[in-house]
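The values are calculated or read from the model by the stated rules, or taken from the named source; none is laboratory data. All values derive from a computational prediction rather than experimental measurement. Don't worry about glycine lacking a Cβ; one is built from the backbone with ideal geometry, like all the others, and counts go over all protein chains shown. Heavy atoms of the whole protein, side chains included, go into the accessibility calculation; ligands, DNA and RNA do not. Shrake-Rupley method; radii C 1.70, N 1.55, O 1.52, S 1.80 Å.
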Amino acid sequence: MTGMHFRGTSLRRSSLALASGAMLLTAVTACTSTSDTDSADHLQSLQDKGAITVGFAGEAPYSFEENGQLTGATVALHREIFSRLGIDTVEGVNADFGSLIPGLQANRFDAVSAGMSILPKRCEQAAFGDPEFNYRTALMVPAGNPQNLTDMESIAASGAKLATMTGAIESDYADALAIPAVQVASPQDGMDAVTSGRADVFALTAISLNWMKNNNPGAAVDVTDSFVATINGKPQVGAGATVFRTDDTELREAYNAELAKITSDPQKYLEIVGPFGFTEKELPDPELTTDKLCSGAA
């Protein structure tokens, strides 16, 4: 059985932003990472240790902490894939979403486990593995959806107060559509903004918002049908992946080889990520490659 460990204090949803900063500072000396000088031997060093450290942002159901344990769909994939590579222990360092790539660059962890969207600007800073999930956006609104919001354009037209998560793709959508947005550090903060009236709507991936609603049955919120955002007339078809340092080619290629065996087998894929609410709709489209997404051609 693969060892799953969470490095740092237990999360409290209401204090995620403060906790993440402190945990990242302590992670500089605590994490099992490599410097640029030995990146060519990174995979072998991880295999020798039998452990890898991943950065995560506390976004269920992708990667989050529950009862002191690191869990989620991306973590389950990592548990399977890294164990096949001879790395049996996955340790986690919590960071807010916008700090994940900087933390990776600073060697605070070895990879990012967050289902992060593959975007051209991000591809300039880090190397994305092959797609693991297709995703669509949804909106969390007060119960009954009083402003009848359905997509990003309806938010712009209504003047509704929008909340988005720092560093998330929905923040980019808001910028592109000139929609003022309150930035929050975590999904829970976004839900809190809606339930407290500080925001009229919170935009995030549909699977995350539905997970939150299902796991907070007392919250007076609804989640809209999912949609593909359109920016400048172009549908924003998206996919998420594991993120590696740009010079970590050997580790990334070994990871991709094992990932391909899973994504080409829907039954195996659902066996791993199905318990977290993922379905065949989230199975990555073979035509939607990392190269296309990084180039902006998708």
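Going by the conditions given, is Glu124 open to solvent by 10 Å² or more (accessible area, probe 1.4 Å) and within 30 Å of Gln267 (Cβ to Cβ)?
Values: open to solvent by 10 Å² or more (accessible area, probe 1.4 Å): yes; within 30 Å of Gln267 (Cβ to Cβ): no.
Judged against the criteria, Glu124 is not a match.
Name every residue in the range 273-292 that is out of contact with any strand residue (DSSP E or B) (no Cβ under 6 Å at 6 or more places or on another chain) and among the hydrophobic types (A, V, I, L, M, F, W, C), in order of residue number.
Those that are out of contact with any strand residue (DSSP E or B) (no Cβ under 6 Å at 6 or more places or on another chain) and among the hydrophobic types (A, V, I, L, M, F, W, C): Val273, Phe276, Phe278, Leu283.
When the residues of the range 148-171 are narrowed to those that are closer than 22 Å to Trp211 by Cβ and acidic (Asp, Glu), which ends up least open to solvent (accessible area, probe 1.4 Å)?
In the first step, residues of the range 148-171 are kept if they are closer than 22 Å to Trp211 by Cβ; the result is 149-152, 155, 162-171.
Retained after the next criterion (residues that are acidic (Asp, Glu)): 151, 170.
Numbers: Asp151: 44, Glu170: 3 Å².
Per the criteria, the residue is Glu170.
In the range 270-287, is there at least one residue being among the hydroxyl-bearing types (Ser, Thr, Tyr), more than 24 Å from Leu104 (Cβ to Cβ), free of Cβ contacts under 8 Å to residues at least 24 places away in the same chain and in contact with a helix residue (DSSP H, G or I) (Cβ under 8 Å, 6 or more places away or on another chain)? Let's see the steps before the verdict.
Start the filter on the range 270-287 by keeping residues that are among the hydroxyl-bearing types (Ser, Thr, Tyr), which leaves 279.
Imposing the further condition that a residue be more than 24 Å from Leu104 (Cβ to Cβ) reduces the set to 279.
From what's left, free of Cβ contacts under 8 Å to residues at least 24 places away in the same chain: 279.
Applying the additional criterion that residues be in contact with a helix residue (DSSP H, G or I) (Cβ under 8 Å, 6 or more places away or on another chain) yields 279.
Yes: one or more hits.
So for the range 250-265 (the condition being within 19 Å of Val237 (Cβ to Cβ), modelled with pLDDT of 95 or more and not acidic (Asp, Glu)), does at least one residue qualify? Full working, then the answer.
Within the range 250-265, the first condition is being within 19 Å of Val237 (Cβ to Cβ), and the residues that meet it are 263.
Filter once more, keeping what is modelled with pLDDT of 95 or more: 263.
Then drop every residue that is not not acidic (Asp, Glu), which leaves 263.
Yes, that holds for at least one residue.
List the pairs whose first member sits in the range 199-217 and is within 18 Å of Ser171 (Cβ to Cβ) and free of Cβ contacts under 8 Å to residues at least 60 places away in the same chain, whose second member is of a type outside the set (A, V, I, L, M) and in a loop (DSSP other than H, G, I, E, B), and whose Cβ atoms are under 8 Å apart, counting only residues at least 6 apart or on separate chains?
Note: pairs meeting the criteria are Ala199/Lys161; Asp200/Gln147; Asp200/Lys161.
Met140 fails exactly one of the following numbered conditions: (1) open to solvent by 10 Å² or more (accessible area, probe 1.4 Å); (2) modelled with pLDDT of 95 or more. What is the number of that condition?
(1)
Filtering the range 102-119 down to residues that are open to solvent by 10 Å² or more (accessible area, probe 1.4 Å) and over 24 Å from Val273 (Cα atoms), which residue is nearest to the chain's Cα centre (by Cα)?
Filtering first and then ranking leaves Pro102.
Scan the range 71-91 and report the pairs whose first residue is farther than 19 Å from Tyr135 by Cα and whose second residue is open to solvent by 30 Å² or more (accessible area, probe 1.4 Å) and modelled with pLDDT under 95, with Cβ atoms within less than 7 Å and a gap of 6+ or a chain change.
Thr89/His5; Glu91/His5; Glu91/Arg7
Looking only at the range 57-67, which residues are touching a Phe, Trp or Tyr at 6+ places or on another chain (Cβ under 6 Å) and not polar (S, T, N, Q)?
Within the range 57-67, the subset touching a Phe, Trp or Tyr at 6+ places or on another chain (Cβ under 6 Å) is 57-58, 60-61, 63, 65.
Ala57, Gly58, Ala60, Pro61, Glu65, listed by residue number.
Which residues, counting only those in the range 112-136, are of a type in the set (Ser, Thr, Tyr) and modelled with pLDDT under 95? Full working, then the answer.
Narrowing the range 112-136 to residues of a type in the set (Ser, Thr, Tyr): 113, 117, 135.
The answer is Ser117, Tyr135.
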